[in-house]
Amino acid sequence: MHPIMEDKQLKAALFDLDGVVFDTEPQYSVFWGSQCRQYHPEHPGLEHEIKGSTLQQIYDRWWSGPLESERENVTKRLDEFEAQMDYVYINGLEAFIADLHRHGVKTAVVTSSNIPKMQSVYRAHPEFHTLFDAILTSEDFAESKPSPDCYLRGAARFGADPSECVVLEDSFNGLKSGRAAGMFVVGLATTNSVDAIKPLSDKQISDYDGFTYDALIQEFNV
């Protein structure tokens, strides 16, 4: 007799922040577009290339050498920009998270954003802490995406095995991070096209409208 295969248990859903929880990527394109045109006019479209990178990664690659002295100015402008950004939830997010919680799935934000950025989020959304069971920021990780470190730490926060977790991501670095962690990856086509993210994700969605725990678990157990 063949052994009966039991469905895997989904214990935790780990969400990136920008482009996954909030529809902020178009705003960041505006900010980084202005900075890149000022400092790198020789490289049009650079703001699109750096999507999904941490601030340190951006600085290491593009604000080094003679431009290193400008990092403080860019950081100041970024902090001011983030303080007045519109933090609008991706369509259907709150209903999807509530559905996960009803089925006993823990939720966490796992973001490359830092604590000062999160303070701006909390001012805009005082209820944010109640949406998620844990919030992990760049200060919690030893390595940045695409390293799996952040998502492995997210799983460990709930005592979950990577095979019991789903990652929700939009950027290439984030999708690669989830894959490297050995987790089921849902790609959101908020920053890149469905075709672009398909090779790095197990399921692709444009937003959470109509996306439920049942729809997710059906894919998760394939």
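A few remarks follow.
- The one condition in (1) under 16 Å from the mean Cα position of the chain (by Cα); (2) aromatic (Phe, Trp, Tyr); (3) open to solvent by 40 Å² or more (accessible area, probe 1.4 Å) that residue 158 fails to fulfil: (1)
- Number of positions in the range 98-138 that are over 16 Å from the mean Cα position of the chain (by Cα) and of a type in the set (Phe, Trp, Tyr): 1
- Selection from the range 103-119 of residues that are open to solvent by 10 Å² or more (accessible area, probe 1.4 Å) and either among the hydrophobic types (A, V, I, L, M, F, W, C) or closer than 25 Å to residue 175 by Cβ (or both): 103, 106, 112, 113, 114, 115
- For residue 165, the criteria (1) in contact with a helix residue (DSSP H, G or I) (Cβ under 6 Å, 6 or more places away or on another chain); (2) surrounded by fewer than 18 Cβ atoms within 10 Å (Cβ to Cβ) hold in every case but one, which is (2).
- Sole residue being under 15 Å from residue 12 (Cβ atoms) and in contact with a helix residue (DSSP H, G or I) (Cβ under 7 Å, 6 or more places away or on another chain), chosen from 142, 134: 134
- Contact map, the range 117-142: first residue of a type in the set (Gly, Ala, Ser), second residue outside any helix (DSSP H, G or I) and open to solvent by less than 10 Å² (accessible area, probe 1.4 Å), Cβ cut-off under 7 Å, separation 6 or more or different chains; pairs are 134/108.
- Against the test of being touching a residue at least 60 places away in the same chain (Cβ under 8 Å) and basic (Lys, Arg), the options 76, 106 yield a single qualifying residue, 106.
- Within the range 136-189, the set of residues being touching a Ser or Thr at 6+ places or on another chain (Cβ under 8 Å) and aliphatic (A, V, I, L, M) comprises 136, 167, 175, 180, 183, 185, 186, 188, 189.
- The set of residues in the range 177-213 that are surrounded by fewer than 16 Cβ atoms within 10 Å (Cβ to Cβ), in contact (Cβ under 8 Å) with a residue 60 or more places away in the chain and among the charged types (D, E, K, R) contains only 209.
- Every condition in (1) in contact with a Ser or Thr (Cβ under 8 Å, 6 or more places away or on another chain); (2) open to solvent by 20 Å² or more (accessible area, probe 1.4 Å) holds for residue 100 except the one numbered (2).
- Scanning the range 133-145 for residues that are part of a loop (DSSP other than H, G, I, E, B) and either open to solvent by 60 Å² or more (accessible area, probe 1.4 Å) or polar (S, T, N, Q) (or both) gives 133, 137, 142, 143, 144.
The values are calculated or read from the model by the stated rules, or taken from the named source; none is laboratory data. From a predicted model like this one, the values you see are computed outputs, not experimental measurements. Note that we place each Cβ from the backbone using ideal geometry, even for glycine, and neighbour counts take in every protein chain shown. Heavy atoms of the whole protein, side chains included, go into the accessibility calculation; ligands, DNA and RNA do not. Shrake-Rupley method; radii C 1.70, N 1.55, O 1.52, S 1.80 Å.
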